[in-house]
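Participant: Please find one structure pasted underneath; my questions will follow.
The values are calculated or read from the model by the stated rules, or taken from the named source; none is laboratory data. Predicted model, so just to flag it, every value in this text is computed and none were measured. In this analysis, Cβ positions are derived from the backbone assuming ideal geometry, glycine residues included, and neighbour counts consider all displayed protein chains. Remember, those area values only see protein heavy atoms, side chains included, never the ligands or the DNA or RNA. Shrake-Rupley method; radii C 1.70, N 1.55, O 1.52, S 1.80 Å.
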Amino acid sequence: MNGAFITIEGSEGVGKTSNVEAMVARLRAKGLTVVHTREPGGTPLAEDIRTLLLDVRAEPMASLTELLLVFASRAQHLDQVIRPALARGDWVVCDRFTDATYAYQGGGRGLDISQIDQLAALVHGDLQPDLTIYLDLAVDVAFERIKGRDHDRFEREQRAFFESVRSTYRTLAERHQRYELIDASQPLPDVQQDIATRLDAFVARFGPRS
Ligand code: TMP
């Protein structure tokens, strides 16, 4: 008995938050028990690590510190929330997972991919998402959407950083069959319809495994 592990990915400004809520509601309406969670975070301790990662402070954070913190948060989250939920047969919908590390720390910060591979193998070598919904949007449009927000440490990054984040995600989407690439430039109802279609097909394929 094992539930499905679904992740949602994309840069800031792509509309992840409203879409992930619609996804969770759709799965629950099918009678599935769904744990809705996020990274970095998802447990009180991991949420504290999230605060360390997102807060803007005078001391610059070394890229390696950032990498280790995202994986520290992930190890805690896996131990306390994700693995127990999947073992119960619940479905897990997680707002970001290790693909975000490839995109932000690998693409954005330029860290060595082999270091990320090693940490991913250490922290969850046996566990990968079954489905990844990726919301794709041109950086200019995404920037326009987050204008006026109180920007966290990542949102303060420059355009080139987000171009690398996007291009890494697009490469991952081509490489992994579990990816569904959604055109997030469409009006919200169309994005939601697109996601719903892919989600329904996945549920039909994966089925409730209990
Ligand atoms: P959010 O925008 O989904 O709330 O995520 C918070 C930020 O954390 C976002 O800018 C992406 C960043 N992040 C990483 O840099 N690496 C990671 O592994 C994860 C999960 C998030």
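Participant: Round to a whole angstrom and tell me the spacing of the C-alpha centers of the range 97-125 and the range 128-196.
Facilitator: 17
Participant: Spelling out what I want: for every residue of the range 169-178, take phi, set θ = phi - 60°, compute 6.51 cos²θ - 1.76 cosθ + 1.60 (Karplus), and round to whole Hz; glycine and proline get x.
Facilitator: The phi angles translate into 4, 5, 5, 4, 5, 6, 7, 10, 5, 5 Hz.
Participant: Starting from the amide H of residue 38, placed 1.01 Å from N in the peptide plane, find each other amide H under 5 Å away whose residue is 5 or more places distant or on another chain.
Facilitator: 95
Participant: Once you have a ≥ b ≥ c as the square roots of the Cα gyration tensor eigenvalues for the range 58-210, tell me rounded if a/c is under 1.5, and otherwise prolate or oblate according to whether a/b is larger than b/c.
Facilitator: Oblate, because a/c is 1.5 or more while a/b does not exceed b/c.
Participant: Could you calculate the FRET efficiency of residue 45 with residue 176 from 1/(1 + (r/R0)^6), where r is the beta carbon distance between them and R0 is 30 Å, rounded to 0.05?
Facilitator: 0.55
Participant: A follow-up question, please. For the chain, report the accessible area per residue in Å² (1.4 Å probe, heavy atoms, rounded to an integer).
Facilitator: So the chain comes to 48 Å² accessible per residue, rounded to a whole number.
Participant: Next up: First measure r as the distance between the Cβ atoms of residue 151 and residue 59, then evaluate 1/(1 + (r/R0)^6) with R0 = 22 Å and state the FRET efficiency to the nearest 0.05.
Facilitator: Efficiency, rounded to the nearest 0.05: 0.75.
Participant: Now a separate question. Mind listing the phi-derived Karplus ³J(HN,Hα) values for the range 39-46, rounded to whole Hz, using 6.51, -1.76 and 1.60 with θ = phi - 60°, and x for any glycine or proline?
Facilitator: 10, x, x, x, 9, x, 5, 5
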